[in-house]
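Laboratory data are not the source of any read-out in this text; all were calculated from the coordinates shown. Computed from a predicted structure; not experimentally measured. Reconstructed Cβ throughout: ideal geometry from the backbone, glycine too, with neighbour counts over all protein chains shown.
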Amino acid sequence: RGPGALLAEAELEPLPDYFGSVEALVEQSGGKDTILRIYFVIPEAVRSEMGNVLVETEKRDLLMNVNRESPEDKLDDFLDKSIQLAGVIQSQFNINTGSGFRKLILKNMFVWQNLSYLMTLAINILMIMYANCDEDDESTGTGDGTSSSSSSEVSCTTQYEYDYMPENIYSITRMLGWIHLVTSAILIMNFIIGHVPAIITMGWKWRSMIEDKVITLKSPQDEQVFEFASKYLHRKLWSFYFLVVDFWVWYYGFFLTFSLMGVFRSPVWFAFHVVDITTRVRVLKDVFEALTANASQVVATLFLGIIFCYMFAVYAFGAWGWNTYEFGDGGGGITSLKEAFLQHIDYGLRGPPAWTVDVTTPHMYLFDFLYNMLIILIMVAIITGIIIDTFADKRSEKNDIEEDIKNVCFICSLNRDLFDRKRIPFNDHVNNDHNVWNYVYYRMYLEDKPSSELTAVEKQLKEKMHKQDIGFFPIKKALVLQREDDGEEDRTAEMVAEVQRDLQAVREDLGSQLEELFGLVRQIQNDGAAGGNRGEASGE
C-alpha cells in the first residue's frame, strides 16, 4: 500500500465505484523502485459517465487501435490516446450537468444517430421504389411541380433537376430530408462539444512532446517543417491544423454538407449517407478499412495502369494508324490520340480492343497478348490482391488483438497461464489489480488535484505522465505475484526447517538406538569373557 492511500483495503470494498487503485513503480529514497498500490478517489466526471455508450465505445476503440508491437510501445501509445478518452469523459460530464434541453439534445447521441440512419434508409428506399416516372408518360411535370395532363392522378416533378418522381412521394422525401438535416446538425453539435476539445488537446500534447524531445518526427525534413511552423504559425492556426488532419472532422463535415444538399438541391445527395452503414456494422467497417488502408498502393497501381494504357494507345497509333480497332463494350471509332487514350482508360481496363481490319497479323496477336497480360490480368490482379491481402491482414490482426485482450494483462503484459499456474484468478487481476481504465482515472485525478495538495508519490507520477515516461508502469511485475512468491518462499523455508527437525529427531533416535546396541554388544562381550574365565577355573 503506497503513501497515496486514503483508506484501508477493507474500508474500500463496500465502495468499489467510488475508489480506484493502481499499481505503480515508485522510486524510494535508496534509489530502488518499489511497486506500491495507490488508492484514490475516482473523479466525479468518471463516476457520472460510467456506462455511457459513447465513453464505452471510445474505450473499445482505444483497446483495438493501440500500438501493440511491444509492451513499452503499447503503454506509450496508451498514454497518448488516454488524453482523448479523458476529454470525451469530461465533455460528456459537462453535457450531463448542463441544461435540460442541452442534455436532451446532446446526451442521447446514439438515438440521434439511429434516427439519422433510419431517415437515410427511408429516403433511399423511396427513391429506389418511386423515382421511375417516364419522361414521355402522358402525365409529366412542367418544371414547376405541376401536372401537364389530367389523365393521371400522379404528377411528376423535375424540380431541382431531379429525375422524375411522383409529387406526393417527393414531398414525403423532402419532409424526411428535413428530419435528417436536424439530426445531422445535432450530431455535429455533439461532435463539436464532445470531441473537438479533446482533438485540440491531444494535438497540443503532441506538439509539446515534440518540443520537449519526448517523441521525434519521422525525418529531418519533417522536423524542419515543424520548426518553421512553430516559429511562424499563430496559436489559433495550430488548433485549426489539428482539426483539419482529423478524419472525423471531415466525415461529419461532409455528412452535414450532403444533408444540406439533399434538402436544398436534390434528394440524390442522401445516397452518400448510405456509406454511414460502414461505421455501424463491424464487418463492413473492416471491409472499408481494407479498401482505404493501402489507398496509396492502389492509386499508384492505377496510375501505372494508366501509363501502360497510354503506351499501348501510342504504340497502336504508330503501328496501325486510326480506326484499326475499337472496344466492343461501348467504344467507338478512334480518330485522335486523345480519344484513343481516353477510350483505353474508359474501356481498356475491362477488356482488350477488337480489330476492325480484315486481316489480323501476328503483330496484332502479340499486341493483344501483351495487352491481356499486362492490363487485364496483372494490373487488375495486383489491385485485387492488395485489397484481399489487406482485408486478411486486418482480420488476422483483429483476432490477435482479441486474443491479447483476453489472455494478456494490458498493464504488466503477463500471460494468463502464469496466473493460472499460481492459482490466481486472471480476471480478478485485470479487473482489480491492473484495471487499465483506473490508470486513466488516476491521471484525471492528478490533473484535477491542486499541486499544493499532491503527495511526493503523486508529484513523481504526475511528472512522469507529463513527460510520457512509462517507467512507472509495473511491466512484467505484479504485487499479487510478489506476495505469492514471498508466500512460497516462506512455505519452502518452513518445509526445510521441518525436514531439518525431522532429520535431527531421526539422528537423535538413531543415536539412542546405536547406544543401546553398543551396550548390548559390550554386555555380550563381557558375558562371554566371564563365561571363559569360569571354564578355565573349573578345568583347573
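Go through K81/K464; K59/K394; K213/K464 and tell me which ones have a Cα-Cα distance over 18 Å in this structure. From K81/K464; K59/K394; K213/K464, over 18 Å: K59/K394.
Taken over the Cα atoms of region 167-217, the convex hull encloses 77 Å³ per residue. Extent along the principal axes, Cα only, for region 411-488: 44, 23, 19 Å, with the longest axis given first. Neighbour counting of Cβ atoms within 10 Å sorts the residues K476, K394, fewest neighbours leading, into K476, K394. Counted over all Cα-Cα pairs of region 296-407, pairs farther apart than 25 Å make up 35 percent. A Förster distance of 56 Å, applied to the separation of the beta-carbon atoms of N96 and D346, puts the FRET efficiency at 0.55.
Ranked for footprinting exposure by Cβ neighbours inside 10 Å, fewest first, K467, K477, K213 give K213, K467, K477. Exceedance of the 27 Å cut-off in Cα-Cα distance is limited, within the set K398/K462; K74/K285; K231/K467; K218/K459, to K398/K462; K218/K459. Applying 1/(1 + (r/R0)^6) with r as the Cβ-Cβ distance of M311 and V281 and R0 = 51 angstrom yields a FRET efficiency of 0.75.
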